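> The structure follows.
The values are calculated or read from the model by the stated rules, or taken from the named source; none is laboratory data. Because the structure is predicted, anything quoted here is derived from the model rather than measured. When we count neighbours, we look across all protein chains shown, and the Cβ atoms used for this are built from the backbone with ideal geometry, even at glycine. Just the protein is used for accessible areas: all its heavy atoms, side chains included, with ligands, DNA and RNA removed. Shrake-Rupley method; radii C 1.70, N 1.55, O 1.52, S 1.80 Å.
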Amino acid sequence: MTIGSINPTKEKKSRKSKQLIVDEKSPLLPTKHGEESGFDEFNGASFSGAVFNLSTTIVGAGIMALPATMKVLGLILGIAMIIFMAFLTESSIELLLRFSRTSKSVSYGGLMGDAFGKYGRMLIQLCVLVNNIGVLVVYMIIIGDVLSGTTSDGVHHAGVLEGWFGVQWWNGRFVILLITTLVIFAPLASLKRIDSLRYTSALSVALAVVFLVIMVGITLFKLVDGSILMPRLLPNVTDLTSFLNLFTVVPVLVTAYICHYNVHSIDNELEDNTQIKAVVRTSLALCSSVYVMTSLFGFLLFGDATLDDVLANFSTDLGIPFGTLLNDAVRVSYAAHLMLVFPIIFFPLRLNLDGLLFPSARPLASDNLRFASLSIGLISVTFLGANYIPSIWDAFQFTGATAAVCIGFILPAAITLRDRYGIATNRDKTLSIFMIVLAVFSNMVAIYSDAYALFKNGPSHRE
């Protein structure tokens with residue numbers, strides 16, 4: 001996987017040289033202000049730290065929906081689509097970075113402002129706000145479900161802590177999420193540089209790998225045992241309805257690699273910013289490998305019984321020795337993974353809200369009161385949303401998918417077609433048109449399928 005030449009020179013650029021082009025009003029990145037920001041001792045992010053941060057941005061809750069796409073598409077077409085979307089995501093990021101270099105923009109918001117003016121900058125800020133708030137609320141809901149259980153349609157599904165200790169006052173959803181927020185989310189959200197999250201990001205990726213290793217081990221055990229049937233290799237299309245059903249997985253695949261809102265922040269903190277193309281390539285290769293393995297072994301293990309969220313399959317009897325212990329290990333490792341993903345998604349959320357509310361203020365990192373106020377406010381909104389809004393999941397199935405495809409495909413394509421500096425090739429413009437068509441189509445499918453399910457079944461209520 002390659003993303004082409006982003007900068008024609010091989011010259012190493014230090015953080016000091018990049019200070020010359022920093023736009024203090026640009027959102028989506030922590031600008032570098034030397035003594036003013038108090039970061040003099042920071043000599044630049046490492047390659048590995050950048051890879052872990054970008055990989056953590058990519059691998060979130062969406063990984064759990066990928067095995068279900070195999071049930072619809074079959075293994076061959078499903079895996080091919082996962083790999084294809086990795087290449088398409090790489091192309092969209094390459095376009096962003098190439099136009100950023102040309103326009104001397106150091107943020108996604110700055111690039112949109114350069115191409116479309118103030119309203120373009122505000123549009124990307126709003127998209128990141130909608131997408132990231134939705135993602136963080138869903139993460140918190142999943143953490144609550146896994147640890148303290150959930151009640152749906154009058155049926156209670158016990159959480160891990162309820163299974164271990166029984167129903168206690170301290171393992172209810174509200175208390176668990178409050179403790180998680182105060183002990184984990186708040187301290188990590190107080191860090192002012194994205195590179196400071198490199199160790200938690202590495203641990204987050206490791207936990208996702210732990211989940212994968214356990215699933216692979218269970219699958220191999222059952223393969224040897226002879227209890228796994230031959231999986232479907234190709235989609236089962238028998239009529240128009242089954243054909244149209246193939247497109248319901250498009251939104252999951254299209255949004256699987258959305259990480260564009262953190263690319264500039266990671267690039268700005270690299271000591272050698274020519275490494276960003278290798279960072280993107282390595283992160284996408286790592287994440288696509290995890291995605292392919294999770295999809296393959298998840299579908300092999302559960303077959304046509306694979307649920308939309310494969311994590312739910314691990315609340316049933318696996319029919320193997322130590323099955324209960326392995327179920328709990330999978331669920332706990334994944335909940336811990338999401339806890340560590342939270343701050344890497346929160347980082348651009350705070351910067352974009354600051355850009356919307358205080359576009360002319362001094363850099364956020366140098367204003368402790370503003371930094372703390374925005375952090376506390378956003379964490380509070382996320383916490384309250386996860387606890388008190390019963391249909392929040394349904395709402396963000398609409399807004400989250402729409403904002404995500406705008407961030408990942410529609411806006412990079414629009415910047416390319418705008419081509420303010422005349423650097424876009426015919427291939428770039430053809431690719432951009434394809435990305436817009438794909439994104440709009442996936443949105444239409446997502447909105448139709450979610451609206452149909454919502455009106456047919458009513459909003460989901462979680463307690």
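> Computed FRET efficiency, Cβ-Cβ of residue 191 and residue 441, R0 45 Å: what is it to the nearest 0.05? Working shown, then result.
Working: r = 39 Å, r/R0 = 0.86.
For R0 = 45 Å, the calculated efficiency reads 0.70.
> Largest first and to the nearest Å, give the Cα extent of region 199-349 along each principal axis.
Principal-axis extents of the Cα atoms in region 199-349, largest first: 52, 44, 25 Å.
> Pop a pseudo-label 7 angstrom from the Cα along the beta-carbon direction at both residue 372 and residue 167 and give the gap in nm to one decimal.
Distance between the two pseudo-spin positions: 4.0 nm.
> Run the quick spin-label model on residue 448 and residue 119: label points 7 Å from Cα toward the beta carbon, then report their separation in nm to one decimal.
Placing both labels 7 Å beyond Cα along the Cβ direction yields 3.0 nm.
> For residue 317 and residue 209, what is the calculated FRET efficiency with R₀ set at 25 Å and r taken between the beta-carbons, to the nearest 0.05? Each step should come with its number before you reach the end.
On the way: r = 25 Å, r/R0 = 1.00.
Efficiency for this residue pair is about 0.50.
> Using a 1.4 Å probe over the heavy atoms of the protein chains, calculate the carbon and sulfur portion of the accessible area of region 211-264 as a whole percent. Write down the numbers at each step before the final one.
Numbers: 1880 of 2730 Å².
Exposed carbon and sulfur together represent 69 percent of the surface.
> Taking only the alpha carbons of region 72-230, what extent do you get along each of the three principal axes, in Å, biggest first?
Projected onto its principal axes, the Cα set of region 72-230 covers 57, 45, 35 Å.
> Please list, in order, the residues from region 280-303 whose amide nitrogen is less than 17 Å from a point placed 7 Å along the Cα→Cβ vector of residue 222.
293-303
> Amide H neighbours of residue 45 under 5 Å, at least 5 residues apart or on other chains, H built in the peptide plane: list them.
Amide H neighbours of residue 45, under 5 Å, 5+ apart: 270, 271.
> At a Förster distance of 25 Å, what's the computed FRET efficiency of residue 272 paired with residue 102, Cβ-Cβ distance as r, to 0.05?
Values: r = 20 Å, r/R0 = 0.78.
The value I calculate is 0.80.
> Could you state the per residue volume, in Å³, of the convex hull enclosing the Cα atoms of region 317-358? Mind dumping the intermediate values first?
Numbers: hull volume 2.6 nm³, N = 42.
With only Cα atoms used, region 317-358 gives 61 Å³ per residue.
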